[in-house]
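The values are calculated or read from the model by the stated rules, or taken from the named source; none is laboratory data. Keep in mind it's a predicted model, so treat the numbers as computed, not measured. As a convention, Cβ positions derive from the backbone with ideal geometry for all residues, glycine included, and neighbour counts pool all protein chains shown.
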Amino acid sequence: MMLDKKVALVHEWLVTFAGSESVVEQILQLYPQSDLFTLVDFLPDSQRPLILNKTATTSFIQKLPWAKKKYRTYLPFMPLAIEQFDLSAYDVVVSSSHAVAKGVLTGPNQLHICYCHSPMRYAWDLYHQYLNESGLKTGVSGALAKLILHYIRLWDYQSAQRVDYFVANSRYIARRIRKVYGRDADVIYPPVDTGKFVLCEQKENYYLTASRMVPYKKINLIVETFATMPDKRLVVVGDGPDFEKIKRLATPNIELVGYQSDAVLISYMQKAKAFLFAAEEDFGITPVEAQACGTPVLAYGKGGVLESVVNQKTGLFFDRQQVDSLTECVQRFEQSADQFDPAAIHQHAQRFSRETFRQEFDRYVTRKTTEWFSADQ
């Protein structure tokens with residue numbers, strides 16, 4: 001444990017608890033004396049124990065109108081806001097960044113390690129998709145959005161050069177960091193609460209998918225595919241903006257159960273014959289959770305899932321986000337389902353556990369800190 005250095009932990013925003021906040025939670029477990037900085041903090045009281053009940057230092061965005069619900073609309077101000085944090089009193093700065101957190105200002109005698117969940121996707125590789133989906137391809141609003149994102153890209157690249165060491169959450173993201181920022185990154189997989197997802201070797205005759213229903217998750221693709229296979233049962237867990245649209249695609253063999261508690265979701269995951277994942281994700285937590293239950297994963301073979309699922313051992317891949325490709329994958333699985341060992345799948349998932357993350361991250365920070373401050377002697 002790095003007890004002899006003063007540590008600042010910087011995160012974009014604390015509004016709800018998702019994958020990136022789980023990383024913050026585990027880093028605070030390692031370094032409980034660290035101080036927390038974030039652009040806005042609207043985390044509910046019920047979730048504050050997850051950040052050790054810390055009071056975060058926030059930016060001026062916290063006090064802007066409608067910040068609690070509309071904080072993302074203040075993106076043009078975020079580079080300025082993140083640079084206003086005075087971190088000069090700290091020896092080590094750890095940023096948890098998927099947008100601007102890595103842009104904090106540090107001095108030559110301070111070590112800055114960035115755990116990068118992803119470069120800002122809507123400013124880089126998803127730029128054109130973002131403009132299309134937001135209706136910002138043309139017009140005055142479109143021109144303004146393009147100008148802002150151009151400025152954001154310039155700042156994003158420049159601010160990435162301030163980081164001393166990058167850590168990526170997958171080899172996939174490490175490649176994107178190299179492409180966008182021209183920087184090398186080490187890989188430490190994010191923490192998954194695998195202990196909560198208990199092995200179940202007795203499977204039932206249904207497939208499962210679980211996700212927030214937004215376009216890039218491709219739940220519509222999964223539902224459309226099973227609508228063509230009436231003899232196969234599909235359970236869909238989750239809600240979101242696309243729920244009603246997806247519900248209209250469902251046939252009698254498809255059950256949309258909406259949002260469910262963790263206990264219900266885990267029960268579904270434990271008993272499913274396979275878990276379906278059709279998105280291209282930076283890493284993808286739910287496929288690991290399913291594997292921790294001993295459930296094989298049928299996944300679109302792009303992104304971080306290629307690193308968390310072992311083809312023909314813990315799951316199978318399909319190569320196109322199209323009905324025929326997923327159908328073929330399901331048929332292959334039906335023919336080879338007996339070869340998947342739930343106990344072996346469960347064991348594989350443990351390499352992504354919280355304990356593994358803490359061990360690897362602490363070892364990494366300790367090594368880099370020793371090297372950094374020894375070089376100053």
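Worth pointing out:
- Matching option when the condition is among the acidic types (Asp, Glu), surrounded by 16 or more Cβ atoms within 10 Å (Cβ to Cβ) and either modelled with pLDDT of 95 or more or farther than 14 Å from residue 221 by Cβ (or both), among 244, 255, 281: 281
- Selection status of residue 153, out of contact with any strand residue (DSSP E or B) (no Cβ under 8 Å at 6 or more places or on another chain), assigned to a helix (DSSP H, G or I), charged (D, E, K, R) and surrounded by 15 or more Cβ atoms within 10 Å (Cβ to Cβ): yes
- Of all the residues in the stretch 355-376, those that are touching a residue at least 12 places away in the same chain (Cβ under 8 Å), surrounded by fewer than 16 Cβ atoms within 10 Å (Cβ to Cβ) and out of contact with any Leu (no Cβ under 9 Å at 6 or more places or on another chain) number 2.
- Answer from 337, 278, 263 - the residue that is touching a Lys or Arg at 6+ places or on another chain (Cβ under 6 Å) and either assigned by TED's automatic domain parsing to the domain that holds residue 223 or on the phi < 0 side of the Ramachandran plot (or both): 278
- Qualifying residue in the stretch 350-361 (condition: under 29 Å from the mean Cα position of the chain (by Cα) and not in a helix (DSSP H, G or I)): yes
- Hey, residue 80 modelled with pLDDT of 95 or more and among the hydrophobic types (A, V, I, L, M, F, W, C) or not: yes
- Check on residue 34, touching a helix residue (DSSP H, G or I) at 6+ places or on another chain (Cβ under 6 Å), within 22 Å of residue 103 (Cβ to Cβ), buried (at least 21 other Cβ atoms within 10 Å of the Cβ) and not hydrophobic (A, V, I, L, M, F, W, C): no
- Residue in the stretch 85-94 that is under 23 Å from the mean Cα position of the chain (by Cα) and in the same structural domain as residue 181 (by TED's automatic domain parsing) present: yes
- For the stretch 324-341, the condition of being touching a residue at least 40 places away in the same chain (Cβ under 8 Å) and touching a Pro at 6+ places or on another chain (Cβ under 6 Å) holds for at least one residue.
Conditions tested, residue by residue: (1) of a type in the set (A, V, I, L, M, F, W, C); (2) crowded, with 24+ Cβ neighbours inside 10 Å; (3) over 16 Å from residue 368 (Cα atoms); (4) touching a Ser or Thr at 6+ places or on another chain (Cβ under 6 Å).
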{"residue": "76", "(1), (2), (3), (4)": "no, no, yes, no"}
{"residue": "81", "(1), (2), (3), (4)": "yes, no, yes, yes"}
{"residue": "91", "(1), (2), (3), (4)": "no, no, no, no"}
{"residue": "95", "(1), (2), (3), (4)": "no, yes, no, no"}
{"residue": "104", "(1), (2), (3), (4)": "yes, yes, yes, no"}
{"residue": "110", "(1), (2), (3), (4)": "no, no, no, no"}
{"residue": "117", "(1), (2), (3), (4)": "no, no, yes, yes"}
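- Checklist (1) in a helix (DSSP H, G or I); (2) under 23 Å from the mean Cα position of the chain (by Cα); (3) not β-branched (Val, Ile, Thr) applied to residue 279, failing item: (1)
- Of all residues in the stretch 128-157, those satisfying the criterion of being among the hydrophobic types (A, V, I, L, M, F, W, C) and free of Cβ contacts under 8 Å to residues at least 40 places away in the same chain are 131, 136, 140, 143, 144, 145, 147, 149, 154.
- Residue in the stretch 304-319 that is hydroxyl-bearing (Ser, Thr, Tyr), more than 28 Å from residue 29 (Cα to Cα), touching a residue at least 24 places away in the same chain (Cβ under 8 Å) and not in a strand (DSSP E or B) present: yes
- Among the residues making up the stretch 213-241, those that are more than 14 Å from residue 257 (Cβ to Cβ) and within 20 Å of the chain's Cα centre (by Cα) are 214, 215, 216, 217, 218, 241.
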